[in-house]
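Read the structure below first, then the notes.
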Amino acid sequence: MKAVTEREGSVQPATRKKKKKGFWATFKEQKILYGMSLPFIIVVFIFSYLPIWGWLMAFQSYRPGRSVFEQKWVGFDHFVALFTDDKFYLVLRNTLAMSFMGLIVGFTIPILFAVLLNELRGSVFKRTVQTISYLPHFVSWVVVAGIVTKMLSVDGGAVNQLLMWLGIIDQPIQFMAQGSWFWYIVTGSDLWKEMGWNAIIYLAAISGIDQEQFEAAKVDGASRIRQIWHITIPSIAPTIAILLIMSIGHLISIGFEKQFLLGNPLVVDYSQVLDLYALNYGLGMGRFSFGTAIGMFNSIVSIILLLVANGVFKKFTKQSIM
């Protein structure tokens, strides 16, 4: 009886739950890692969080040359002006349309490209294709806009010349002067420029897959299509989920370079996006507070989209970024 009691007593300490270490205990153990990360935290704080102080301008009638506390406070007047402006909803439509088109095309095709590129057997040809595909990423949008404009020109443009040679059209089409074509031109240009670069991370994820799985699938008689569907895609699914969450968070923040460089007065109703709207109707007209209100709306909506997307993926796929 005494021996049994002693054994039970010896087992109990081993089954007790370990207490979680406090922050300072962890900090002492990993102080070198914390010290290495400190410069990056400072940089992020200075350039990402400190500027949030400028959001106060959205609630003021800002005038340059005065301090923050000397400005006239106007409350939500700039937001009321923003949401009652018909131009804002036109710009929001353009932003969401190009964002969703870019998300669908610019997210799925790099995955397909990476999977197909991984299936190539010749290493030299594979590396050559990969290098050529991501080189456009390093080309400035100024240069890309010039190439696209020349390719779609009615005066010797390669696209019009090809369509006329094939007998599809009789007269050159003014692609750059028709608003109905603008969203497709921007999406196609962005795809050409970024497809190879965006595929790199998927190729890295594919290279980390255990090759024994493919060998076992071959032994079982699985075709290459079956291997892609049942091994490659499920293995890179966590990477796809994380990048999709981040892409959704940037749906409304698509920049303005592409639209600014490819647009013209004839397609202004289709080319203006939120960032370009803030530039033209905010900073361009000296309405700094109004431009800040647009930027604040942009940031808040992006944060909401990121949190919602993260919550949905965390619930249904168990993948999240926070």
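The values are calculated or read from the model by the stated rules, or taken from the named source; none is laboratory data. Note that the structure is predicted; figures quoted are calculated from it, not measured. Here the Cβ positions follow ideal geometry from the backbone for every residue, glycine too, while neighbour counts run over all protein chains shown. All accessible areas refer to the heavy atoms of the entire protein, side chains included, with ligands and DNA or RNA removed. Shrake-Rupley method; radii C 1.70, N 1.55, O 1.52, S 1.80 Å.
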To the nearest 0.05, the calculated FRET efficiency linking ILE300 and LEU90 through their beta-carbon distance, R0 being 35 Å, is 0.95
Residue order for THR239, THR131, THR84 - accessible surface, 1.4 angstrom probe, largest first
THR84, THR131, THR239
Once fully extended, how much extra length lies between ALA25 and SER48, figured as 0.36 nm per residue of separation less the alpha-carbon to alpha-carbon distance?
5.4 nm
With every protein chain in place, what's the accessible area of MET176 (1.4 Å probe, Å², nearest 10)?
30 Å²
Write down the accessible area per residue of segment 149-299 in Å², having rolled a 1.4 Å probe over the full set of protein chains.
53 Å²
Hey, rough spin-label estimate for VAL80 and GLN178, points 7 angstrom out along Cα→Cβ, what's it come to in nanometres?
4.4 nm
Could you work out the Rg to Rh ratio of segment 136-186, with Rh taken as the Kirkwood radius (inverse of the mean 1/r over all Cα pairs)?
1.02
Here segment 11-143 gives, from Cα atoms, an Rg and Dmax in Å of 26.6, 74
What is the distance, in nm, between label points placed 7 Å from the Cα along the Cα-to-Cβ direction at LYS318 and at LEU112?
3.0 nm
Beyond a 32 Å Cα-Cα separation, which of these cross-linked pairs lie in this structure: LYS126/LYS258; LYS258/LYS318; LYS126/LYS218; LYS87/LYS314; LYS87/LYS193?
LYS258/LYS318; LYS87/LYS314
Express the Stokes-Einstein translational diffusion coefficient of segment 51-100 in µm² s⁻¹, to the nearest whole number, given a Kirkwood radius over alpha-carbon pairs, 20 °C and a viscosity of 1.002 mPa s.
168 µm²/s
If you count only protein heavy atoms and use a 1.4 Å probe, how large is the accessible surface of ILE225, to the nearest 10 Å²?
120 Å²
For LYS28, what accessible surface area do you get with a 1.4 Å probe? Give it in Å², rounded to 10.
150 Å²
Between ARG63 and ASP155, what FRET efficiency follows from the Cβ-Cβ distance if R0 is 41 Å, with the result rounded to 0.05?
0.25
For segment 53-117, which trypsin sites (Lys or Arg not before Pro) pass both filters: DSSP loop (anything but H, G, I, E, B) and at most 13 other C-beta atoms within 10 Å?
ARG66
Selected from ILE294, LEU90, LEU38, residue furthest toward positive end of dipole (the chain; charges at beta carbon)
LEU38
Among the complete DSSP H segments of the chain, which ones combine at least 30 Å of alpha-carbon extent along their axis with a mean Kyte-Doolittle hydropathy of 1.0 or more?
86-118, 288-316
Top to bottom by accessible area (1.4 Å), largest first, where do VAL44, VAL124, VAL144 land?
VAL124, VAL44, VAL144
For Cα Rg over 2.2 N^0.38 Å, the choices are [x] 0.99; [y] 1.22; [z] 1.38; which was calculated from the structure?
[z]
As a test of reading the structure, rank THR108, THR292, THR232 by solvent-accessible area (1.4 Å probe, protein chains only), most first.
THR108, THR292, THR232
Relative to the present Cα-Cα distance, how much length would full extension add between ASP220 and LEU307 at 0.36 nm per residue of separation?
27.1 nm
Got a number for carbon plus sulfur as a percent of the chain's accessible area, 1.4 Å probe?
67 percent
Taking only DSSP H segments of four or more residues, each worth -39500 (n - 2.57), what value at 222 nm results for the chain once the sum is divided by all its residues, to the nearest 500 deg cm²/dmol?
-20500 deg cm²/dmol
